[in-house]
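Novice: So that we are looking at the same thing, I have put the structure below in structure tokens.
The values are calculated or read from the model by the stated rules, or taken from the named source; none is laboratory data. All values derive from a computational prediction rather than experimental measurement. Here the Cβ is made from the backbone with ideal geometry for all residues, glycine too, and neighbour counts use every protein chain on show.
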Amino acid sequence: MTETAEASAHETAGKVAAPAGFRVVQRTIIRPDQELDIRPLYVGGVSNFSAGESTSRQAGASDDDDEEPEGESKLTGSESAEEAVGGFGTITGNVGAIVKSGRRLTFGTYFNAFPASYWRRWTQLESVRLVMRVSGQGSIIVYRSTSKGHVQRADAAVVDSTGTQTLEFDLSLKPFIDGGWYWFDVEAGEGPITIEQAVWGFETDQMDSGRLSIGITTFNRPEFCVDQLVNLAGQPAILDILDEILIVDQGTKKVKDHEMYPKAAAALGSKLRLIEQGNLGGSGGFSRAMDETSAKGEVDYVLLLDDDVVCEPEGILRAVAFADLAKQPTLVGGQMFSLYDRSVLHAFGETVGKYRWFWGPAPHTWHGHNFAMHSLRSTHWLHRRVDVDYNGWWMCLIPVKVIEEIGLSLPMFIKWDDAEFGLRAREAGYPTVTLPGVAVWHVPWHEKDDTIDWQAYFHRRNRIIAALLHSPYDRGGRLVRESFETQVRHLLSMQYGPAELGLMAIEDILEGPQRMHRDVLERLPEIRELRKGYDDSRSETDLDKFPKARRRKPPRKGREFVAPFGRFGRAKTMAVGAVRQVMPVRELAKKNPELSVAHVDLRWWLLSQLDSALVSSADGTAASWYKRQPELFRDLMGRSIAIHVRLAKEWPRLVEQYKAALPDLTSPETWHATFEESIKKDESAATQGP
């Protein structure tokens, strides 16, 4: 640790006097406007903390404990503005953070700890420097963690000054090959201590920041979209490196018609460009943003953002800095917090299970981690570096060089477009890094069930196409089998609409890749029209519009349905359920649903024992009356068997066919024709009216 003289009077307030060649890559976020439900992501109070505890405690000690981690305070909604950090200190807009006498704040938090292992793995840099501006009385203690979650003291400094001091800590990245973070705590002495600013950075020759465009694809979410524009317009550091924001509006509720849009547009000026085209889904909207950025030839990166996210602006700067200093062109992704429960990290990193060919949390990570309950330092798995296959396009920075080499997105409309692009980039030598401390708040997946609505078609088709292109296993490993099992579960659950969409998806795949650009234009309205013919696809928001649930007999001995146990139990339940599907339907079940099933209880083994059921939607806004139809079951089951046999048989041919077509499917020239056709269709629909 080194200490420089008190800052001179002419130094710009709030900026660190950094030496030449020092590039800041992460600014400690200290803002008074952080709401209390997300404050644990930025700063926390520490109590009952001794030197022995701090250096020996394993970070995973309280993982299985629902109680508050020892030595760390919870933040509650009852705290006033003056006691915003649980009585440990105050966050102000003037000087940053003030720690009360005898108290300690920790910046070992999601947004303010430094993810050292990621910089160690993906850059050539060997040490990081922490530079701080402080005043008052107390101590600064720098900690590091290991990949196993052990916490170790790395450095420390004593502060005793009425004026501002600048402290510097040079910290090695050498021991972080498998994981680990750096962070610092601030402990006040007899008087308070103030942290005016703290930044992490490197000595490097690469001082100039890359320039970026931001591409936002939107469909009928003008409020969200305009809010994002207003937020970005108020970020001068982002505007300095921003070429333009591309809004690709594919909806009928236009962003330009929102009452606040003129104000946002005026604030952004030439840095905002609005593009309107027909609805081509996320793959079409993001491909348009990638293409426009690449064709302009003036920027280094395009940052893809969903229209329904709330972004931490500092994350954009961190992503650009990381991409600038990475060993090779690298996609840099942001993690996803829940928009509804904002201290919950929904996705830390994602991979594709190669044998099942299904996406999911990366190994050694879990969805739904709540930082309000378990902090960074008390959760051991967060300290292990996580490598990913791709990053969701809720927030993903893509180098233009990568786009120029591998092309745009596949015309998938939605689902698997981001995963396929990440896999394709990796095969071309360009990794994806999901960087902690870079994040957005987004609607979590568990508030949706898009595997049984119109999106079921895209789930099935795009998963199989991605496997045809990238699976290392013969015939996609378990994929064909799992696709058939999905069909069976739909049919046993009286979900005939999703089962029909699954068959349509495979039929389209077998027809060949030449129809993909046609389908990105035409398939959605065809799918929606098809679904209208199925009871399970028709819903009502008022439960009183349905007959009341009634059963001919009460449950035998009062026992309700129970989940089958073990592989044999599931097989037996499935066999019995399959036999039931071809039996006549009970007359009472035609007039009344036999049971009301909450969405949380929506399971195939339950529905397979019923002749009809009232089933609520995932978001709790509506319900549908599922009805068993033996003839339809026979037809769909027979077709499902036949088409999966054909898919397995023709898999090698399809692999060759889709791989040969990939360059054309993802080329800007092919996409240009699709963009133009979508615009013509959109204009034609607007002329015809409702």
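Novice: With respect to Phe184, is the statement that it is hydrophobic (A, V, I, L, M, F, W, C), closer than 28 Å to Lys401 by Cβ and in contact (Cβ under 8 Å) with a residue 12 or more places away in the chain true? Give the steps one after another, and end with the answer.
Specialist: Working: hydrophobic (A, V, I, L, M, F, W, C): yes; closer than 28 Å to Lys401 by Cβ: no; in contact (Cβ under 8 Å) with a residue 12 or more places away in the chain: yes.
Considered against the rule, which asks whether it is hydrophobic (A, V, I, L, M, F, W, C), closer than 28 Å to Lys401 by Cβ and in contact (Cβ under 8 Å) with a residue 12 or more places away in the chain, Phe184 comes out as no.
Novice: Separate question: Between Leu167, Leu125, which is touching a strand residue (DSSP E or B) at 6+ places or on another chain (Cβ under 8 Å), under 22 Å from Arg31 (Cα atoms) and in contact (Cβ under 8 Å) with a residue 24 or more places away in the chain?
Specialist: Working: Leu125 fails: under 22 Å from Arg31 (Cα atoms).
Exactly one of Leu167, Leu125 is touching a strand residue (DSSP E or B) at 6+ places or on another chain (Cβ under 8 Å), under 22 Å from Arg31 (Cα atoms) and in contact (Cβ under 8 Å) with a residue 24 or more places away in the chain, namely Leu167.
Novice: Shifting gears a bit: Mind checking which residues of the range 179-190 are out of contact with any Asp or Glu (no Cβ under 9 Å at 6 or more places or on another chain) and either over 20 Å from Ile30 (Cβ atoms) or among the small types (Gly, Ala, Ser) (or both)?
Specialist: Gly179, Gly180, Ala188, Glu190 - these are the residues of the range 179-190 that are out of contact with any Asp or Glu (no Cβ under 9 Å at 6 or more places or on another chain) and either over 20 Å from Ile30 (Cβ atoms) or among the small types (Gly, Ala, Ser) (or both).
Novice: Based on what the data block shows, is Leu229 touching a helix residue (DSSP H, G or I) at 6+ places or on another chain (Cβ under 8 Å), closer than 24 Å to Thr123 by Cα and buried (at least 17 other Cβ atoms within 10 Å of the Cβ)? Give the steps one after another, and end with the answer.
Specialist: Details: touching a helix residue (DSSP H, G or I) at 6+ places or on another chain (Cβ under 8 Å): yes; closer than 24 Å to Thr123 by Cα: no; buried (at least 17 other Cβ atoms within 10 Å of the Cβ): yes.
No: the conditions fail for Leu229.
Novice: Kindly evaluate Ala618 against the criterion of being assigned to a helix (DSSP H, G or I) and of a type in the set (A, V, I, L, M, F, W, C). Quick ask: steps written out before the conclusion?
Specialist: Values: assigned to a helix (DSSP H, G or I): no; of a type in the set (A, V, I, L, M, F, W, C): yes.
So Ala618 does not fit the description; no.
Novice: Just checking: which of the strands (runs of 3 or more DSSP E) contained wholly in the range 182-272 hold 2 or more residues that are within 30 Å of Ala154 (Cβ to Cβ) and either touching a strand residue (DSSP E or B) at 6+ places or on another chain (Cβ under 6 Å) or not basic (Lys, Arg) (or both)? Write out each step before concluding.
Specialist: Numbers: elements: 182-203, 212-218, 242-249.
Strands (runs of 3 or more DSSP E) meeting the threshold: 182-203.
Novice: Something else now. For the condition loosely packed, with under 14 Cβ neighbours inside 10 Å and farther than 29 Å from Ala685 by Cα, what is the one hit in Phe565, Phe546, Phe561? If you could, list the steps in order and put the result at the bottom.
Specialist: Details: Phe546 fails: loosely packed, with under 14 Cβ neighbours inside 10 Å; Phe561 fails: loosely packed, with under 14 Cβ neighbours inside 10 Å.
So the residue among Phe565, Phe546, Phe561 that is loosely packed, with under 14 Cβ neighbours inside 10 Å and farther than 29 Å from Ala685 by Cα is Phe565.
Novice: Leu304 passes all but one of (1) more than 19 Å from Val332 (Cβ to Cβ); (2) hydrophobic (A, V, I, L, M, F, W, C); (3) surrounded by 15 or more Cβ atoms within 10 Å (Cβ to Cβ); which number fails?
Specialist: (1)
Novice: Further question on the same structure: How many of the residues making up the range 527-553 are farther than 14 Å from Val615 by Cα, without any contact (Cβ under 8 Å) to a residue 12 or more places away in the chain and either touching a Leu at 6+ places or on another chain (Cβ under 8 Å) or not in a loop (DSSP other than H, G, I, E, B) (or both)?
Specialist: Total meeting the criteria: 1.
Novice: Sticking with this structure for a sec: Within the range 378-385, is even one residue out of contact with any Asp or Glu (no Cβ under 6 Å at 6 or more places or on another chain), over 27 Å from Gly179 (Cβ atoms) and crowded, with 24+ Cβ neighbours inside 10 Å?
Specialist: No, the range 378-385 contains no residue that is out of contact with any Asp or Glu (no Cβ under 6 Å at 6 or more places or on another chain), over 27 Å from Gly179 (Cβ atoms) and crowded, with 24+ Cβ neighbours inside 10 Å.
Novice: On to the next question. Checking the condition crowded, with 19+ Cβ neighbours inside 10 Å, outside the structural domain of Ile414 (by TED's automatic domain parsing), in contact (Cβ under 8 Å) with a residue 12 or more places away in the chain and not in a loop (DSSP other than H, G, I, E, B), which residue from Pro593, Pro498 passes?
Specialist: On the way: Pro593 fails: not in a loop (DSSP other than H, G, I, E, B).
Only one candidate qualifies: Pro498.
Listed here are the residues, each with its yes/no results for (1) closer than 30 Å to Glu677 by Cβ; (2) surrounded by fewer than 24 Cβ atoms within 10 Å (Cβ to Cβ).
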{"position": "Ala267", "(1), (2)": "no, yes"}
{"position": "Asn279", "(1), (2)": "yes, yes"}
{"position": "Val299", "(1), (2)": "yes, yes"}
{"position": "Pro313", "(1), (2)": "no, yes"}
{"position": "Ala326", "(1), (2)": "no, yes"}
{"position": "Gly333", "(1), (2)": "no, no"}
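Novice: Within the range 312-321, identify whether any single residue is among the acidic types (Asp, Glu), part of a loop (DSSP other than H, G, I, E, B) and under 18 Å from the mean Cα position of the chain (by Cα), and answer yes or no. I'd like the intermediate steps shown before the answer.
Specialist: Filtering the range 312-321 down to residues among the acidic types (Asp, Glu) leaves 312, 314.
Next cut, part of a loop (DSSP other than H, G, I, E, B) only: 312.
Imposing the further condition that a residue be under 18 Å from the mean Cα position of the chain (by Cα) reduces the set to 312.
Within the range 312-321, one or more residues are among the acidic types (Asp, Glu), part of a loop (DSSP other than H, G, I, E, B) and under 18 Å from the mean Cα position of the chain (by Cα).
Novice: Still on this structure: Can you name the strands (runs of 3 or more DSSP E) wholly within the range 91-148 that have at least 1 residues being charged (D, E, K, R) and either touching a Cys at 6+ places or on another chain (Cβ under 6 Å) or under 20 Å from Gly189 (Cβ atoms) (or both)?
Specialist: Values: elements: 96-99, 104-106, 127-145.
Strands (runs of 3 or more DSSP E) meeting the threshold: 104-106, 127-145.
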